[in-house]
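A.B. asks: There's a structure below that I have some questions on.
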Amino acid sequence: MGHPHYRSLIPMLLQFLHGGSSSPAQTLANGRQSSLLRSPDFVRIVGHIWTRLTQNLWRPRLPHYPVIKILTACILLLSACETTIEIDPPDYDPELNITSNFTPDSIWAARVAKTIPIGELGDTTSVFLDDATVTIYRDDVLVARLTHDGGEDGWYESPRMRTPRTNTPYRMVVEAPGMPSASAISMAPLPPNILTAEVTQLDTFSSSMLDSQYLVSFSLADNPRLNYYSFSIFLAFPADESPTSSEFTVHELAMIHNSQRWYCSFSDVLNPIDSSPAEDEFCTIGILSDRSSDGQVQDFDITVDLFSDFEDELDANLVLFVMALSPEYVEHRSAIEEHENFDGFGQPANLYTNFEGGRGIFAGYST
């Protein structure tokens, strides 16, 4: 049983707070005589109610009341939220992190760094290494030894201008003091076999931004085994007005995605979905595989929009750039896309690596 004063105060407070009476005087009419209240009376009555209530709340019998139990639980919860927990992170052992995307058109090169713990992300000056040993093997035979280029960003190159071959597996081995060695295997696939390529200007359409469209058509003969390809279209024109200039300014053009045979992202080509392209979807890169057309000739008709800013450029050329990609290259680019598109919810994707004993990517491609 609750205290009688407590039981009498609660209904009066509820009636007053819920608007059950027209004034505080009517709220207390059942307990005592009251005259018409003015502002000082109102303050006095509220103070009287509060005093009686708080006096009753601290009586010894009160721990049995639900109100006190709730208040006690809230105080305990609040004090628990303020508890400080110190976490002593374990010792961190850095790993080698290597980036080497190689092609027969360029000499051997690699960028060597090391991983660092989260607490040191603000200072990355010591991430890149200049004391690593980088070697390239073909069938366990040493074919290239890369040396540091003297810069501060961890680049190593072949001093003898050695270049990879197509369709040949290579193994890169990287060693550095205080860290385990790392190695990876990949190869540059056969270059894309483009049979035909032509450009056709389509009918001009009126637009506030676009003056013309072009249709770029090309045929691609597939190479043996599973292959991945990418293609992009660029507008290139001389960087200056000199007729002998070898420098070009290049702009990538947006392609209209109107086919189910190629995709706008590396993730989609690895996990294809049988669906029609979205309307008005534009891409700056197209990716495809030959899973369903191994050994066949594939024909492509790609529409690009040319902005009016480029119409006045003389000696401008449309450039079709096609690449044959190793599976490692596609996997790594797909993982980068997933990280770039991560919205902060759920589990972030692990960044793909084909290195054993370290992290990074060793992947070949051909053009």
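A.B. asks: How much length is gained if the chain between Ala254 and Glu86 is pulled fully straight, taking 0.36 nm per residue apart and subtracting their Cα-Cα distance, in nm to one decimal? Mind showing how you got there, number by number?
C.D. replies: Working: separation 168, 0.36 × 168 = 60.48 nm, distance 5.19 nm.
Full-extension gain reported as 55.3 nm.
A.B. asks: What nm value, rounded to one decimal, do you get for the distance between Asp93 and Ala221 when each label is placed 7 Å out toward the C-beta?
C.D. replies: About 5.2 nm separates the two model spin labels.
A.B. asks: Next question, about the same structure. May I ask you to sort Asp301, Asp91 by Cβ crowding, counting other Cβ atoms within 10 Å and putting the fewest first?
C.D. replies: On the way: Asp301 11, Asp91 5.
If I rank by nearby Cβ atoms, fewest first, I get Asp91, Asp301.
Read-outs throughout are calculated quantities, based only on the coordinates presented, and are distinct from any laboratory measurement. Here the structure is a predicted model, which is why all the values come from computation and not from measurement. Using ideal geometry, Cβ is built from the backbone for each residue, glycine included, and neighbour counts are taken over all protein chains shown.
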